[in-house]
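The values are calculated or read from the model by the stated rules, or taken from the named source; none is laboratory data. All of these numbers come straight from a predicted model, not from anything done at the bench. Glycine gets a Cβ as well: all are built from the backbone with ideal geometry, and neighbour counts include every protein chain shown.
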Amino acid sequence: MCLGIPGKIVEVFEENGLKMGKVDFGGVVKTVCLEYIPDAQVGDYTVVHVGFGISKLNEQEAQEMLYYLEKMGFLKSELGDQE
Amino acid sequence: MKFIDEYRDSKLVKAYVEKIHEITTREWTIMEICGGQTHTIIKYGIDEMLPDKINIVHGPGCPVCVTPLEIIDKAIEIASTPGVIFCSFGDMLRVPGSKKDLFTVKSEGGDVRIVYSPLDAVKIAMKNPDKKVVFFAIGFETTAPANAMAVWRAKELGLKNFFALVSHVRVPPAIITILESPWNMINGFIAAGHVCTVMGYEEYEPIAEKYKVPIVVTGFEPVDILQGIFMLIKQLEEGRHEVENQYKRSVRREGNIPAKQLIFKVFEIADMKWRGIGLIPNSGFKLKEEFSEFDAEKVFSEISTIKTEESSLCISGYVLQGVKKPSDCPAFGTLCTPLNPLGAPMVSSEGACAAYYNYGRIKI
Amino acid sequence: MATEFNLSCPKPLANYDKILLGHGSGGKLTAELIRNVFLPAFDNPYLSELGDQAVVNINGIKIAFTTDSYVVNPIFFPGGNIGELAVNGTVNDLAVGGANPLFISAGFIIEEGFPISDLCVIVESMRRACERAGVILVTGDTKVVEKGKGDKIFINTSGIGIIDHDIEISPHKVKPGDKILINGPIGLHGIAILSKREGIEFEIEIESDTAPLNYLVHDILSVSQNIHWMRDPTRGGISSALNELAQSANIGVEIWESEIPIPEPVKAACEMLGLDPLYVANEGKLIAVVSSEDAEKILETMRKNPLGKEAKIIGEITEEHPGVVLLKTLIGGLRVVDMLAGEQLPRIC
């Protein structure tokens, strides 16, 4: 149960005391509640579920896990250029 | 799309499939417990790419599917009441109750509205002070922060016409129930990435330890799932039983602290009945006493006790526990189809039966 | 001839005894309703073709005739409004049958209280759309219903055109090996509409693709006689159109995910809402099933037309799995693309 989609925060503002933001999902922009990621800023990526950002995506971790197989010595650099 | 496309890369997919084939020497049965993951697996045919020795089963990971029949019937009664605006996520509308579904209520003139976020329901309540606005607050822990915020806001704003019909479920007790069941054959679990984004995975560590089962917290794209399966099989082959985190870009061990804080300000843990499985202690959330004015079950208690009746043909209980696959069910695809569903897993877009039906296989 | 109308339902309408929104979605429920209610009542060889238009022969002249009703909500959306939709939709229904659209009618059902200024904007759009398509609006009708009994405005348009060639365009002409072409990216209209729907509004930089396809159709009919079947995939998306073809021609359809043009914002919106772009409505798209020998030539011709600049070959007809549409996914698997069951609900959880 987890329709959570990653998007980029393009605006942060306050509405009725709640931290809100505009999140860009690859061309679709939606208003999202950011109360649960208080340190999020413009440029950060977040996973949005039912109109709420539930996590701030960690790019470094993302990179590390993408190259997991390579790091573990299982793969040559097939993962270098992706088209 | 960033953070999505990279995880659908076919080269990576192939690499992981190869690796899994390489390291698998014994037969293993693994379970995933998230409708979103079920869908990805069936949609991309991931289970067919795995070695035959790996049997992947789908657990009760669809909150729509496990919402008790009594609550669905209650929702239908409330939605049919004049003066009520019933707000719900889209999925719940076609889940069959004893006699009909919310969609039918809508076609009969009930004011049933699909909302994207629980806060939208609060807005509707503010715009319609003369109506009673009831929000169908269902979900796993992933949705609990959003639902909690809606109730919290309603209290802050002093709303007198907003109510939540709560049916929240928690994953760890379900895992324990499955592990303790007499017919359990699950060797390891793929844990739901967004549930753990909110709650963290500390609660899973005692389970892995006590039952000696490895658990890997996993994301939702094809590469995530394959990487998660790879990590799980590797643990099994090496005789380990730890909790590992594949979905590191979103999940931290302690979860989302502000979200957890608000969840436990608004909700408390309660026993919960799961449709198709039965009562699981401490497996749900209910509204705390101080929020009882927003509890639709209490406020609409004069609704008659509805006699609930499941179809005798529907074996969703077995499907939800991973004991049977949808294709094992005699009614699958014949008497039970998305147009004419006998049980929730066929109608919910995340249900296993619906996934199997919609992405059905043909022997080519 | 029976004077009583007896409803003959071979099987229950999926246990529903009332009309649901899904019955108007262009998917399975619609097909069932037509099969079980309308066809038995009006049974005749023209209707049973279940084409987008009917072709009747009057004194040796082949006349195509079609009708369509427009109930879109909201009536003003990015890229257009209900008026031009009504004109283009009917023009396209004629065009995909190989007809040259000539005349249309328009019937308006307007809710009391609807601003006349809005009506003027809609009518002006229709005027421009008729001009663009080269058709003349020759007759019409206006009805007003009390406030609350109709949602602002509904429009029905009917159209007639002439088929002045002998190319037979029908499911029976479709053969294994034929190629499936589309003139451009899918999902634009449906997502443009959804972006303005109350409850799920979002900002997006796309517009409806509503457009008249008759000139594009004329171009391709001029370069090839081997165009076997055409459809404009509106409600229910390309999936519904291809499923209808698979069933009526009893052949298999295979489409390739890597070749189907989907704009990034449409992909993003579909991800967000849990929709599948294959089922999202289009209003300016043409699917053409053509012989494999002529496929490249027809593709080139399409690309020369402004409405076909991004045309692609997205699949082919096969004798395997008749009646079924299969999609070859990006990561190499094969999956069934079933007919839409009811109304595609935005998936949340």
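Quick notes
- Any hit, segment A:41-60, residues being surrounded by 11 or more Cβ atoms within 10 Å (Cβ to Cβ), over 25 Å from C:P263 (Cβ atoms), at pLDDT below 90 and at the interface with chain B (Cβ under 9 Å from one of its Cβ atoms): yes
- All positions within segment B:6-22 that are within 11 Å of chain C (Cβ to nearest Cβ) and either outside any helix (DSSP H, G or I) or β-branched (V, I, T) (or both): B:D9, B:V13, B:V17
- For segment B:180-188, the condition holds for at least one residue, the condition being that it is in contact with a helix residue (DSSP H, G or I) (Cβ under 9 Å, 6 or more places away or on another chain), surrounded by 18 or more Cβ atoms within 10 Å (Cβ to Cβ), away from every other protein chain (no Cβ under 14 Å) and not β-branched (V, I, T).
- Those residues of segment B:316-335 which are within 20 Å of the chain's Cα centre (by Cα) and either among the basic types (K, R) or outside any helix (DSSP H, G or I) (or both), in sequence order: B:Q321, B:G322, B:V323, B:K324, B:K325
- The strands (runs of 3 or more DSSP E) found entirely in segment B:23-111 that carry 1 or more residues being more than 18 Å from C:L21 (Cβ to Cβ) and within 24 Å of the chain's Cα centre (by Cα) are B:28-32, B:54-58.
- For C:D178, the test of being more than 15 Å from the chain's Cα centre (by Cα) and at pLDDT 95 or above is passed.
- B:F3 being more than 28 Å from A:T46 (Cβ to Cβ), of a type in the set (F, W, Y) and either facing another protein chain (nearest Cβ under 7 Å) or touching a Lys or Arg at 6+ places or on another chain (Cβ under 8 Å) (or both): no
- Filtered residue count, segment A:1-36, keeping only those that are within 11 Å of chain C (Cβ to nearest Cβ) and of a type in the set (A, V, I, L, M, F, W, C): 10
- Residue, farthest from C:G79 (Cα to Cα), within segment C:277-317, restricted to residues that are part of a strand (DSSP E or B) and not charged (D, E, K, R): C:I317
- Only one entry of C:L307, C:L278, C:L273, C:L326 meets the criterion of being over 21 Å from the mean Cα position of the chain (by Cα) and not acidic (D, E), and that entry is C:L273.
- Of all residues in segment A:61-83 being of a type in the set (A, V, I, L, M, F, W, C) and over 10 Å from B:K248 (Cβ atoms), the one that is modelled with the lowest pLDDT: A:L79
- Checking each residue in segment B:20-76 for being surrounded by fewer than 20 Cβ atoms within 10 Å (Cβ to Cβ) and charged (D, E, K, R) picks out B:E22, B:R26, B:E27, B:K43, B:D47, B:E48, B:D52, B:K53, B:E70.
A quick yes/no check of all residues on (1) buried (at least 21 other Cβ atoms within 10 Å of the Cβ); (2) in contact with a Pro (Cβ under 9 Å, 6 or more places away or on another chain):
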{"position": "B:V216", "(1), (2)": "yes, no"}
{"position": "B:F230", "(1), (2)": "yes, no"}
{"position": "B:R240", "(1), (2)": "no, yes"}
{"position": "B:S250", "(1), (2)": "yes, yes"}
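- Qualifying position, being modelled with pLDDT of 95 or more and within 30 Å of A:L18 (Cα to Cα), among B:F291, B:F220: B:F291
- Count - residues of segment C:40-75 that are touching a residue at least 24 places away in the same chain (Cβ under 8 Å) and either within 23 Å of C:F108 (Cα to Cα) or among the acidic types (D, E) (or both): 15
- When we screen B:A79, B:A75 for residues that are of a type outside the set (S, T, Y), over 18 Å from B:N147 (Cα atoms) and in contact (Cβ under 8 Å) with a residue 24 or more places away in the chain, the only hit is B:A79.
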